[in-house]
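In what follows, a single structure is set out as structure tokens and then discussed.
The values are calculated or read from the model by the stated rules, or taken from the named source; none is laboratory data. Since this is a predicted model, take the numbers as computed values, not measurements. Cβ placement follows ideal geometry from the backbone for every residue including glycine, while neighbour counts extend to all protein chains displayed.
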Amino acid sequence: MTGPSARRRKTVALILSGIFPGLGQFYNRQPIKAMVFLALGIVLSWLVSRAAPTDADALTRPGAALVVPLCALLAVSLWSVIDAWRTAAR
């Protein structure tokens, strides 16, 4: 795939996965992979929301209960974006 059409598909897939993990894979017609990324994104987002302190001052010293799922969510999001970009090129 070359040309403006391929670049557009890659860009749309990248943006969708940037919004939430798995959306770019749905766009690329990869439902199984999309469901895995989506499930990971939902679970990790839920864990981050549960671990986030309600006190704004407590955010200056985050604990492992917040940092670990946040880093995992970042890694899954980045993985999803890269995968959506590469797969859309095919």
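Would you confirm whether or not segment 55-64 contains a residue that is free of Cβ contacts under 8 Å to residues at least 40 places away in the same chain, assigned to a helix (DSSP H, G or I) and either buried (at least 18 other Cβ atoms within 10 Å of the Cβ) or of a type in the set (Lys, Arg) (or both)?
Going residue by residue through segment 55-64, those that are free of Cβ contacts under 8 Å to residues at least 40 places away in the same chain are 55-64.
Subsequent filtering for residues that are assigned to a helix (DSSP H, G or I) retains 56-60, 64.
Filter again for either buried (at least 18 other Cβ atoms within 10 Å of the Cβ) or of a type in the set (Lys, Arg) (or both), leaving none.
Checking segment 55-64: not a single residue is free of Cβ contacts under 8 Å to residues at least 40 places away in the same chain, assigned to a helix (DSSP H, G or I) and either buried (at least 18 other Cβ atoms within 10 Å of the Cβ) or of a type in the set (Lys, Arg) (or both).
For segment 24-39: of the residues being touching a residue at least 60 places away in the same chain (Cβ under 8 Å) and part of a helix (DSSP H, G or I), which is surrounded by the most Cβ atoms within 10 Å (Cβ to Cβ)? Walk me through how you get there before you give the answer.
Filtering segment 24-39 down to residues touching a residue at least 60 places away in the same chain (Cβ under 8 Å) leaves 24-25, 27-28.
If we keep only those that are part of a helix (DSSP H, G or I) as well, we get 24-25, 27.
Values: GLY24: 29, GLN25: 25, TYR27: 19.
Out of the qualifying residues, it is GLY24.
If I go through segment 66-90 residue by residue, how many of them are in a helix (DSSP H, G or I) and at pLDDT below 85? Spell out how you get there, then give the answer.
Taking segment 66-90 and keeping what is in a helix (DSSP H, G or I), we get 66-88.
From the residues that got through so far, the ones that are at pLDDT below 85 too are none.
Qualifying residue count, segment 66-90: 0.
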